[in-house]
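Only one structure is covered here, and it is reproduced in the block below.
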Amino acid sequence: MSYGLLKGKKGIIFGALDQNSIAWKAAERCHEEGAEFILTNAPVALRMGELNALAEKTGSEVIGADATSMEDLEKLFDAAIAKFGKIDFILHSIGMSVNVRKGKHYTDLNYDWLTKGWDISSVSFHRVMKTAWDKDAMNEGGSILALTYIAAQRTFPDYNDMADNKAYLESIARSFGYFWGKERGVRVNTISQSPTPTTAGNGVKGFSGFMGFADKMSPLGNATALDCANYIVAMFSDLTAKVTLQNLFHDGGYSNTGVSQEVIEAMEANNKED
C-alpha cells in the first residue's frame, strides 16, 4: 500500500545488488511512495547486470561509482544535481570485509585487507557526505541514512572486523551529522537492522546461527529486508523531521532483550539431553 510519503522527493541509493538487498527493497518502496532516485554501486557490482532490472522497474538511472573514489563520487553528485537539482535523501548500504571473505580470524587479521574493508564500509560514508556537503547537494529537511548492525556495540565473534567497521560508521554519522543538522538542516542517522539474509550477510561465518538466535530473542522476531525498507521510507519522509544523530535499532526488540523464554526453554531442553 502506498501513502505518497515521498512524493516529489529525489535521492541517491547506494548498494542495491540483487533482490535480497535491503537497498533493493528500499528502492522499490521509495518508488512506490513517489520518490525519484539514482541507483549506484561499484562498477564490479554493475557487471552482474541485475541492477538494470531494478532501474527499469523504478524508472531510475544507474550510475556506477566506487564509493571510495572522490572522483567517482563527484561525477555521481554532479549527475544527480544536473538531473534533479538538490536532492532530499541518500541511502548508504555498503559494507565489505576482505578478512571475512578470505576466512581470516580476528586474532590474525591482514591489515591491508582491514584498511580496504574499513575504507569501503565506513570511510565511504564520510566521503559520500563530504561530496554532498561540498556541492551543497542536499535540500534543507533532507535525510541521510546508513545501515549498520548491533555488532558495533556487542561482541559477535565471527562478525570479525566488520564490527569495528560498523562502530566507526556510526561514529561518522554522529560527528558529521552534527554539522549537517546545525548548518544545513539535514538529518543523519544509522539503522541497526536485524541479521538479514543478504548476499553480504550470508558471507559471515555462522550467519544462520545469528539469525536463529536473534529471532528467538526478539519479542517481535527478526525484521525482514522489506520491514527495513519501510522504516527507511519513514526516515526519508517528513514524518521524522526532528530525528537525527541516532542509531536506530530495527530488530524486533532484540537490542533490549536480556533473555527470552524461547532461549531459556531451548537451554533447559539441551541440559536435559546432556
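The values are calculated or read from the model by the stated rules, or taken from the named source; none is laboratory data. Remember, predicted model here, so these are calculated numbers, not experimental data. Counting neighbours? That spans all protein chains shown, and the Cβs are built from the backbone with ideal geometry, glycine included. Accessible surface areas use protein heavy atoms only, side chains included; no ligands, DNA or RNA. Shrake-Rupley method; radii C 1.70, N 1.55, O 1.52, S 1.80 Å.
In whole angstrom, note down how far apart the Cα centers of segment 95-121 and segment 126-184 are.
Between the Cα centres of segment 95-121 and segment 126-184 lies a distance of 19 Å.
Over segment 16-62, what number does the Rg to Rh ratio reach, with both radii from the alpha-carbon atoms and Rh per Kirkwood?
Using Cα coordinates only, the ratio equals 0.93.
Dividing the convex hull volume of the Cα atoms of segment 139-185 by its residue count, what figure in Å³ per residue is obtained?
Cα-based convex hull of segment 139-185, divided per residue, equals 61 Å³.
Can you pull the percent of segment 129-273's accessible area that's carbon plus sulfur, 1.4 Å probe, other chains left in place?
53
Over all directions, the average projected area of the alpha-carbon convex hull for segment 1-111 comes to how many nm²?
Computing the convex hull of the Cα atoms and averaging its projections yields 8.4 nm².
Would you mind counting up the charge near residue 121? Only other residues with Cβ under 10 Å from its Cβ, with Lys and Arg at +1 and Asp and Glu at -1.
-1
Using alpha-carbon pairs under 8 Å, 6+ residues apart, how would you state the relative contact order of the chain in percent?
Dividing the mean separation by the residue count of the chain yields 19 percent.
As an exercise, find the ratio Rg/Rh for segment 37-177 from alpha-carbon atoms, using the Kirkwood inverse-distance average for Rh.
0.99
Which value at 222 nm does the chain reach when only helices count, each DSSP H run of 4 or more adding -39,500 (n - 2.57), with the total divided by all residues and rounded to the nearest 500 deg cm²/dmol?
Per the formula, -12500 deg cm²/dmol.
Could you derive backbone 3J(HN,Hα) for segment 176-187 from the dihedral phi with the Karplus parameters 6.51, -1.76 and 1.60 (θ = phi - 60°), listing whole Hz in sequence and x where the residue is Gly or Pro?
6, x, 4, 6, 4, x, 5, 9, 10, x, 10, 8
From the phi of every residue in segment 257-268, what ³J(HN,Hα) in whole Hz does the Karplus formula 6.51 cos²θ - 1.76 cosθ + 1.60 yield, where θ is phi - 60° and glycine or proline is x?
Per residue, the Karplus-derived 3J(HN,Hα) values read 9, x, 7, 10, 4, 4, 5, 4, 5, 5, 5, 5 Hz.
Please work out, to two decimal places, the log10 of the ratio I(q)/I(0) at q = 0.14, 0.23, 0.25 Å⁻¹ from a Debye calculation in which every Cα of segment 125-204 carries one identical scatterer.
So the normalised log intensities work out to -0.52, -1.02, -1.13.
Give, in nm to one decimal, the length gained when the segment between residue 242 and residue 226 is fully stretched (0.36 nm per residue of separation minus the Cα-Cα distance).
So the extension gain works out to 3.4 nm.
Accessible area per residue, 1.4 Å probe, Å², for segment 59-216: what's the number?
44
Among 17, 30, 144, which residue has its Cα furthest toward the positive end of the charge dipole of the chain, with +1 on Lys/Arg Cβ and -1 on Asp/Glu Cβ?
Going by the Cα projections, it comes out as 144.
Given a 1.4 Å probe and heavy atoms of the protein chains only, how would you sort 155, 148, largest accessible area at the top?
In descending accessible area the options line up as 155, 148.
Would you mind putting 13-26, 105-118 in packing order, based on average other-beta-carbon counts within 10 Å, highest first?
13-26, 105-118
Calculate the all-directions average of the projected area of segment 89-172's alpha-carbon convex hull, and give it in nm².
5.8
At 0.36 nm per residue, minus the direct Cα-Cα distance, what do residue 135 and residue 19 gain on full extension? Give it in nm, one decimal, please.
This chain segment gains 38.6 nm when fully extended.
How large, in Å, is the chain by the Kirkwood hydrodynamic radius built from its alpha-carbon pairs?
By the Kirkwood definition, the hydrodynamic radius is 19.1 Å.
Tell me the Kirkwood hydrodynamic radius of segment 139-266 in angstroms, computed as one over the mean inverse distance between distinct C-alpha pairs.
15.5
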